[in-house]
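These notes concern the structure reproduced below.
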Amino acid sequence: MHLYPSNMEDLRKNRIMKEHQMLSYCLFSIGLFSFFLLLFLNPLFVKIIFKENLRTLINNQLIYRSMFYLVLLGIIFIVLGFLSYKYEWFKFLCKKRSLQNFLILFLMSFYLFSCGEVFIRAYLPQIKDEIRAKRLKPRFVGHPFLPYAGYPNDRRIVGYIHDFVGKVLFEYNTNSYGFLGDEFKLPKKPESLRIITLGGSTTWSMGIDLETKRGNISTTWPSLLEERIKKDFPELEVDVYNLALDAATSPMSLIILSLIGLKLEPDIVIAYDGINDAAMFFNYKTKLDYSNAYKDFSLQNVKSVALLLPEYVIKSYFVCAIVKIIDKFYGYESKNFYEAIIPDEKRKQKNWYETYKGRKIWWDPENLKGIEMLLAHYRTMSNMCKSENIYFTSATLHYFERNAIRNQINSELRKFFEENEMIFFDADKEMPKGDKTVNVDLVHFTKKGNKLMAEGFYKTIKKIIYQKIESKEP
């Protein structure tokens, strides 16, 4: 059978028309599919499917922003489908097979990239912070006598994700020693009052404002304590130096006190340790100095594909997710700060999954004897302060909610303080429980919570302040 030229032309036109219609239908379908994908970004769907796993992200505005982007993407493809169907100039693309293939490849790549961007933004926003952090100087540096120390002369904003409020931001600056705030005033004026505080992240940071979801140095309880003292003693020169470190434990506080704290000639030392210590001696069979639960800080020589990419490319969440996969393939997978200081073999121990009296719990109750290490470090700090005529005080531990293990820890602390005739702030009894205006998670505080902590410590040391003032009067 022979085809005449007129028939060949008709067949070609029919092919172009069908391909033109197919392109239009594909664009329409992709646009409508975007609206179907909205179901998977619905917070209710996330709660039902993932339950508690993503509870910190449900209230995150990134989810709602991602839903908007997905709607916008759907509208763009529906409009493209309409233009393709309505206007003849789209038919020109179908006449050129190479142009048609390029257009389809470009649109599908754009669509897949956009969907990936939307879902990574919604479900894994922390990936971007993790990858971008590799391009920045580390928050912490190595130290000859500590597992790590704060980066000196630093200024930055860091993000955290907390159970009750989602993502929050904390802005801070450090001095030449890597501690929060400005440089230490040396030498100390005899008539001034100087207080130093020791501890972990509950002392180092937080104080989150629930409206702005931000905090800074002025909202930490040591800063609020200084403000509170100045309110009652306006003529007294008061300095409260925050020598706490994120994730620090009592051995670190002991070293900081001996190497730096005592040289600042404080009148009062306040240590709020125990939260991280409990995690150490319950999760790991630690030595007295916790040395087998730490390793040398090693985030300073970071390797990542991200270092080869320009800054504007790393702004994409989807690109950051791809970078994370490539880094993992080449063995460059990043570790967060806590993974960087805890040995791999220790992180593999999972005592919290062991069954105790038929229930799965986080901590292994048999490790409660480890609290003797915390008490020993407190005793040493107290004796060091007594030898220098410095008043030492501490507190029981505040948790959002109590349980048998936490009650036992605080019971041991109270017993220790009373036996050693130490005046202490009973945060466990005096701080409100189950109040989300006080806590951002199980142990960290909002601005209101830090004000309560500052007020509690102020009442504890108020008599000491009067005594110090009287002793310094001529």
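For the condition at negative phi, in a helix (DSSP H, G or I), at pLDDT 90 or above and in contact with a Lys or Arg (Cβ under 9 Å, 6 or more places away or on another chain), what is the one hit in N410, N383? Talk me through it step by step, then tell me what you get.
Values: N383 fails: in contact with a Lys or Arg (Cβ under 9 Å, 6 or more places away or on another chain).
Just a single option satisfies the conditions, and that option is N410.
Out of the residues in segment 448-474 meeting the condition of being of a type in the set (K, R) and closer than 14 Å to M431 by Cβ, tell me which one is surrounded by the fewest Cβ atoms within 10 Å (Cβ to Cβ).
Within segment 448-474, the first condition is being of a type in the set (K, R), and the residues that meet it are 448, 451, 459, 462-463, 468, 472.
If we keep only those that are closer than 14 Å to M431 by Cβ too, we end up with 448, 451, 459.
On the way: K448: 18, K451: 19, K459: 13.
Within segment 448-474, the match that is surrounded by the fewest Cβ atoms within 10 Å (Cβ to Cβ) is K459.
Specify which of the listed residues (L224, L257) is assigned to a helix (DSSP H, G or I), touching a residue at least 60 places away in the same chain (Cβ under 8 Å), closer than 29 Å to Y466 by Cβ and in contact with an Asp or Glu (Cβ under 9 Å, 6 or more places away or on another chain).
L224
Can you work out which of the residues in segment 382-418 that are within 30 Å of S471 (Cα to Cα) and hydrophobic (A, V, I, L, M, F, W, C) is surrounded by the most Cβ atoms within 10 Å (Cβ to Cβ)?
Initial filter on segment 382-418 (within 30 Å of S471 (Cα to Cα)): 382-396, 414, 416-418.
From what is left, the residues that are hydrophobic (A, V, I, L, M, F, W, C) are 384-385, 390, 392, 395, 416-417.
Numbers: M384: 17, C385: 20, I390: 20, F392: 22, A395: 25, F416: 20, F417: 21.
Only one residue tops the list, namely A395.
Restricting attention to segment 184-216, and to residues there that are in a strand (DSSP E or B) and under 15 Å from the mean Cα position of the chain (by Cα), which single residue is farthest from Y391 (Cα to Cα)? Step through it out loud before you land on a result.
Just the residues of segment 184-216 that are in a strand (DSSP E or B), to begin with: 193-199, 208-209, 214-216.
Now drop any that are not under 15 Å from the mean Cα position of the chain (by Cα), which leaves 208, 214-216.
On the way: I208: 30, R214: 33, G215: 30, N216: 28 Å.
If we take residues in segment 184-216 being in a strand (DSSP E or B) and under 15 Å from the mean Cα position of the chain (by Cα), then R214 is farthest from Y391 (Cα to Cα).
Give me a count of the residues in segment 435-465 that are hydrophobic (A, V, I, L, M, F, W, C), in contact with a helix residue (DSSP H, G or I) (Cβ under 6 Å, 6 or more places away or on another chain) and not in a loop (DSSP other than H, G, I, E, B). So that I can check it myself, show each step before the final result.
Taking segment 435-465 and keeping what is hydrophobic (A, V, I, L, M, F, W, C), we get 438, 440, 442-443, 445, 452-454, 457, 461, 464-465.
After this cut, where a residue has to be in contact with a helix residue (DSSP H, G or I) (Cβ under 6 Å, 6 or more places away or on another chain) as well, the list is 438, 443, 453-454, 457.
Remaining after also requiring not in a loop (DSSP other than H, G, I, E, B): 453-454, 457.
Qualifying residue count, segment 435-465: 3.
Among the residues of segment 197-207, is there at least one that is among the hydrophobic types (A, V, I, L, M, F, W, C), in the same structural domain as I260 (by TED's automatic domain parsing), in contact with a helix residue (DSSP H, G or I) (Cβ under 7 Å, 6 or more places away or on another chain) and on the phi < 0 side of the Ramachandran plot?
yes
Regarding E430, is this residue surrounded by fewer than 21 Cβ atoms within 10 Å (Cβ to Cβ), assigned by TED's automatic domain parsing to the domain that holds L193, in contact with a Lys or Arg (Cβ under 7 Å, 6 or more places away or on another chain) and closer than 26 Å to E227 by Cβ?
Details: surrounded by fewer than 21 Cβ atoms within 10 Å (Cβ to Cβ): yes; assigned by TED's automatic domain parsing to the domain that holds L193: yes; in contact with a Lys or Arg (Cβ under 7 Å, 6 or more places away or on another chain): no; closer than 26 Å to E227 by Cβ: yes.
So E430 fails the test.
Could you please find all residues in segment 417-432 being part of a loop (DSSP other than H, G, I, E, B) and within 13 Å of T396 (Cβ to Cβ)? Write out each step before concluding.
Here is the first cut: in segment 417-432, the residues part of a loop (DSSP other than H, G, I, E, B) are 420-424, 426, 431-432.
Listed by number, the residues that qualify are M422, I423, F424, D426, M431.
The values are calculated or read from the model by the stated rules, or taken from the named source; none is laboratory data. None of the values given here were measured: they were computed from a predicted structure. Here Cβ is always computed from backbone atoms with ideal geometry, including for glycine, and neighbour counts include all displayed protein chains.
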